Amino acid sequence: MEIEGFFTNDRTQVIHHTFPVFQKKSIHIEILEGVFEHILIIVKDPSHKIRAVLTFKSRIKSNVITAGERESSNSTVPGILENGIWSLDIVRTYQVSGDYKIAINFDMGTYSSESFNPMAQKMEIIKDRRIGWFKGDLHMHSYYTDGRVSFEEIDKACKSQNLDFIAVTDHSIFTTKYLECSYLVIPGTEITWDDSGHYNCWGLNQFIDYGYYLNKGKDFDSSLDLMFSDLSSKDLILSQNHPFPFGWSLNHNFNLSNIDTIEVINAPHLFPGEVDNKKAICLFDYLWQNHILLYAVGGSDAHKKNYFDEYPIGIPTTKVYCEGLSIRNLLNGIKRGNSFIECNMDFEINYKTGKKFKDTVLPGDLISGEVLIQARAKQKVTWRIIKNGKIFLSKESKFISEKIVVKKDEYYRLQADVEDEIVLFVNPIHNIEHSNKNVMFQDILKQFYKVVDSWHT
C-alpha cells in the first residue's frame, strides 16, 4: 500500500496515517517521494509504542521493522508485530512545500547484520576501569541522516584517532544499531526542529515522541520547552549546539534551567567563517558572568570526508575525567564540567589546591582559595587565564604554572591559542552559585547581543 499527502503553509504539521497489520513478520517502509528535509516519520504499533523514528533527510530510503534485532533497521524498535491498526505520523517542524509518498509492504525478506544497540546498554557498566581523562567526540553524523559516511567508516576513523568514546548524533533519529567496538558509544541524537537552533541529547534509552510535543504545546517554543523539561527530568544531558554558524538566527525560546552544556568549539576543520566559535565562547562567558553555569563541550559535527579523503572525527575532542569509563560516569563528568576541549593538539593539565598544593582540583569544581594551575603542550602556545570573562594573564610557552586565588562570585578558565586559533578550552573552576532558574534563552540572548561587539576572548 502507499501513503501520500502534501505539506500545508502552517509553521508545523502533524499528519496522521494508519495501516493494518495482521500476522506479519516484517514491515517495510520506503520513502518514494518527498523533500530532502528534516521531516520525521514516526511509526507506532496498536499499543501506541513507538517502533520507528525515520527522516526524509536520509541517504537510506528503505527501512524494516521485524521481531529480530539483527534484521530490524537502525532507529527502529524490534519486537513482535502486534496485530491491529498501526499509525504512521508525518511530523513537520518547519515550513517546507511539496508532496510525499511512502510505500508500506510486508514480508519482503530481511538480512541479518552484526550489531549492538547503544540505547539498550546499562548505564553503569564499566567499559574501561582506568581512572583519569578519556577523550571522545560528542557530535557526528552518518548517512542515516544528512551525513555521507557509513558506520564502518566512522568506526575506522574512531580507531585511527584512538577515541575512548563517541556519540553518533544523527538529526532527530536514534542509533539502535552500531558495530561491535572497543570504545564506548553514548546513545544520543541532535534534536533538529529547524535551523534556528540544534540540540544534542545524550543518554537516551527511549525514543522521543516529537509529534506528541508539537500537539501538546500551544506554539512552537512552548512545545520545544515542554520537550526539554521532560528530557531534563530523565537525567539526560541537553546541549546547545554551535550557537553561531554562518547565516543562522537563534530564534528559539526555552528555559535555560533544562540545558546543561553549550558547544563552544564546533567543526574547526571547516573553512574560517562557517562557524563562529569565538562568539560562542563570548556567549559562554556572558552566561557565566550572569551565574548561568552551562559547561563547555566540543564536537566535530563531522558529516563527510574532507578534501584529504579523511572523515574529520575528533576535531575537536572533549576529554572527560572519569573514575572508570561508563555511560553514567561520562555523563556525570560532562554535567559537572569535569572536562576540557582539545583541537589538533594534546595537552596535559594539572590543577592543585590545599596544603603544599597536594589536593587535585578538576575543571568544573566549586572551589575557594588558592589554586595552582599547571598545563603542558608539545609546542609553544599562547596561554590565557580568563577571569570572569576578561584576560587575567597571557603568556607564550610550552608550559604554564600560575597561582590564582578564587574568591566569591569568581571563575577562572584556561585557554590556549596558536596563531589566533583556539586549541584548548578548559572548563572553569569557580566560586559561583548557579542561578539559571526560569531564565529564558531569548531574554539572556538580547542582553548578550548588546555587549558582545565590545568583547574580546
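Nothing in this text is a laboratory measurement; each read-out follows from the coordinates by a stated rule. Keep in mind that this is a model prediction, so the values were computed, not measured. All Cβ positions, glycine included, derive from the backbone under ideal geometry; neighbour counts span all protein chains shown.
So here's what we get for this one:
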item: Rounded tilt (10° steps) of 441-451 against the dominant C-alpha axis of the chain; result: 40 degrees
item: Assigned charges on the beta-carbon of Lys, Arg, Asp, Glu; the range 313-408 dipole about Cα centre (debye); result: 340 debye
item: Charged-residue dipole, Cβ positions (Lys, Arg, Asp, Glu), the range 158-280 about Cα centre, Debye nearest 20; result: 120 debye
item: Distant-in-sequence amide H partners of Ile265 (H built 1.01 Å from N, under 5 Å); result: Val297, Gly299
item: Inter-part distance where the range 28-68 and the range 355-401 are each reduced to a Cα centre, Å; result: 49 Å
item: Cα gyration tensor shape for the range 306-457, rounded if a/c is under 1.5, else prolate or oblate; result: rounded
item: Cα-based shape type of the chain, given that a ≥ b ≥ c are square roots of the gyration tensor eigenvalues and the cut on a/c is 1.5; result: prolate
item: Sites Arg129 and Lys159 - FRET efficiency at Förster radius 22 Å, r taken between beta-carbons, to 0.05; result: 0.60
item: Charge dipole (debye, nearest 20) of the range 2-106; +1 at Cβ of Lys and Arg, -1 at Cβ of Asp and Glu; result: 260 debye
item: The chain - mean residue ellipticity at 222 nm from DSSP helices (-39,500 (n - 2.57) per run, n ≥ 4, rounded to 500); result: -4000 deg cm²/dmol
item: Extreme residue, positive dipole direction of the chain, given options Gly273, Ile15, Val35 (C-beta unit charges); result: Gly273
item: Segment Ile60-Asp230, length gained on full extension (0.36 nm per residue, minus Cα span); result: 58.2 nm
item: Loop-exposed GluC sites (Glu not before Pro) per DSSP, neighbour cap 10 Cβ within 10 angstrom, longest uninterrupted part of the chain; result: 181-418
item: Lysines whose Cα lies under 20 Å from that of Lys378, excluding same-chain neighbours fewer than 8 positions away; result: Lys135, Lys319, Lys395, Lys398
item: Degrees separating the helix 327-336 axis from the principal Cα axis of the chain, which is the longest one; result: 50 degrees
item: Helix 220-232 vs. the chain, principal-axis angle (Cα, 0 to 90°, nearest 10); result: 70 degrees
item: Shape category assigned to the range 2-106 from the gyration tensor of Cα positions, a/c cut at 1.5; result: prolate
item: Gain upon complete extension [Lys352, Asn105; 0.36 nm per residue less C-alpha separation]; result: 82.6 nm
item: At most 10 other Cβ within 10 Å, DSSP loop - chymotrypsin sites (Phe, Trp or Tyr not before Pro), the range 1-81; result: Phe22
